[in-house]
């Protein structure tokens with residue numbers, strides 16, 4: 001599953017990325033994906049999600065529920 005990071009406050013996202021060990025440039029694209037500007041050594045999505053969960057408990061579950069609802073809506 002790819003998470004839509006436009007659904008989280010940019011300050012929370014930035015804090016989560018920094019807490020996961022990344023101090024260089026990162027961008028959240030308009031489609032919700034992350035762009036690391038060609039750098040390597042950036043945190044994994046799981047590391048970012050762990051930090052977001054510390055800052056915003058339940059955010060990951062909320063995003064997964066939205067994904068299920070979207071998928072179910074597409075089946076019809």
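Values quoted throughout were computed directly from the atomic coordinates according to the rules given, and no laboratory measurement underlies them. Model, not experiment: these values are computed from the prediction. Here Cβ is always computed from backbone atoms with ideal geometry, including for glycine, and neighbour counts include all displayed protein chains.
Table for the structure above
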quantity	calculated
Equivalent ellipsoid semi-axes, segment 5-75, via Cα gyration tensor eigenvalues times 5, rooted, Å	23, 15, 10
Relative exposure of 22, 36, judged by other C-beta atoms within 10 Å (fewest first)	36, 22
Footprinting exposure proxy for 30, 25 (fewest neighbouring C-beta atoms within 10 Å first)	30, 25
